[in-house]
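Following: one structure in structure tokens, then a few remarks.
Each value in this text was obtained by applying a stated rule to the coordinates, not by laboratory testing. What you see is a predicted model; the values in this text were computed from it and never measured. Note that each Cβ is placed from the backbone with ideal geometry, even for glycine, and that neighbours are counted across all protein chains shown.
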Amino acid sequence: MAVVDSEGPDTLLVDETAVDTGGPGTLVIKDRAIEKVAVAAALSVPTVVRQIGGLSRLTGRELPRADVSVGEHSVSVNLFIAVAWPCRISEVSTAVHDAVARALDSIVGLPLHRSNVVVAATSCTDDAEQPVSSEPAAAAPRPRPPTANPAALPVALVSAVALLGLAFVAGREFLIVHGTIDGARWVQNAVDWAAGVHWAPWMITAAVAAAVAGLVLVVIGLEPRTRTHTGATSPTSASPMVWLRPTDVARMCSDHAGTVPGCESARTTVTKRLVTIDVHRSGSVTDDDTLTRSVRDAVAPTLAVLADTRRVRVRVKQGHS
């Protein structure tokens, strides 16, 4: 859940550049996000393929990849792509340019000033005699959303520390047995103690506790990761191309709600199924129903691009002044 207040400086921040938007709140778009939009748009072209190999496999830099330069009102992109062979590279370059331009304009809101397309690698098709079709390719698998760390991570860390401790004890025992160091033999003493242990009532409690702990660890290990972002779609792609945190959705909703006449301030809370907008109306507004409808209409375009549908609730309150 994220809670965001719309009151703030009237600026739009694109990386390190500030642009006056004339509205409440701020929006920050990092270069990395724009690069991912450009890469996803390039992959929407049928003849552009994803490739990791050679030096790229060692450096972790896969194709396609993008380097962006964000100006005050536009974006320049250098795209490095791999294409399926055979193909007409000039047509692929034009298609990539158009796809990236549409994606940047519709999702980021900045026009493409210049794009340089570099064909860095080629990938042969299975049948070299069959030309590459110009028809749109089959829909790609739906990308996985960003998720939180697995629930089993703390257990894995504790287990790793325990194994390191066991390795230390084993190494110490080895050095003592071979006379390298002096000291008590922990392993032998522990074995002798365990051999002398007889049945006692506390063992029932220990067995039950061990069984419960084992079941809990199984559940934790099978529990899926929690989704931390929601996808945003575009007219150029049915699959999400940008992932937004609940905080980002809340900021955009508060920003749009704050532009409604009669709205003094707006505060948005976003959960997995509900968007709650608390609106403080100005003293001149008396019709709460009209203000509620106006706020719903203002945030509707923002919520329409989200891949996950959420119910909208608007609560009108008396203004501070």
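By the count of neighbouring beta-carbon atoms within 10 Å, fewest first, 176, 34, 52, 29 end up ordered 52, 176, 29, 34.
Label separation (residue 116 vs residue 148): 4.3 nm, computed from points 7 Å beyond Cα along the C-beta direction. Between the residues 201, 219, 246, the greatest Cα displacement towards the positive end of the dipole of the stretch 182-248, with unit charges on the Cβ of Lys, Arg, Asp and Glu, is found for 246. With r as the distance between the Cβ atoms of residue 228 and residue 182 and R0 = 56 Å, compute the FRET efficiency 1/(1 + (r/R0)^6) and round to 0.05. Taking R0 as 56 Å, the efficiency between residue 182 and residue 228 is 0.60. Counting only DSSP beta bridges with both residues in the stretch 230-318, the antiparallel share comes to about 60 percent. Each of 263, 87, 253 was scored by other Cβ atoms within 10 Å of its Cβ. Listed from fewest to most, they are 87, 263, 253. The label point for residue 208 and the one for residue 293, both projected 7 Å from the Cα toward the Cβ, are 6.3 nm apart.
For the stretch 167-272, a simple Cβ point-charge model (Lys and Arg +1, Asp and Glu -1, everything else neutral) yields a dipole of about 300 debye relative to the Cα centre.
Compute the length gained on full extension between residue 194 and residue 69: take 0.36 nm times their separation in residues and subtract their Cα-Cα distance, giving the result in nm to one decimal. If you can, show how the numbers build up before the last one.
Values: separation 125, 0.36 × 125 = 45.00 nm, distance 6.75 nm.
My answer for the length gained is 38.2 nm.
What's the exposure ranking of 147, 309, 122, 292, going from fewest to most Cβ atoms within 10 Å? Numbers along the way, then the final one.
Details: 147 12, 309 8, 122 15, 292 19.
Ordered by Cβ neighbours within 10 Å, fewest first: 309, 147, 122, 292.
By the gyration tensor of its Cα atoms, with a ≥ b ≥ c the square roots of the eigenvalues, what is the shape of the stretch 153-222: rounded for a/c under 1.5, prolate for a/b over b/c, or oblate?
Values: a/c = 5.09, a/b = 1.40, b/c = 3.65.
It comes out oblate by the Cα gyration axes.
In this calculation the C-beta distance from residue 88 to residue 35 is compared with R0 = 25 Å, giving a FRET efficiency of 0.40. Label-to-label distance, residue 105 versus residue 272, with points set 7 angstrom from Cα along the beta-carbon direction: 3.8 nm. Here the extension length gained between residue 163 and residue 308 equals 48.0 nm, from 0.36 nm per residue of separation less the Cα-Cα distance. The convex hull defined by the C-alpha atoms of the stretch 230-318 has an orientation-averaged projected area of 5.4 nm².
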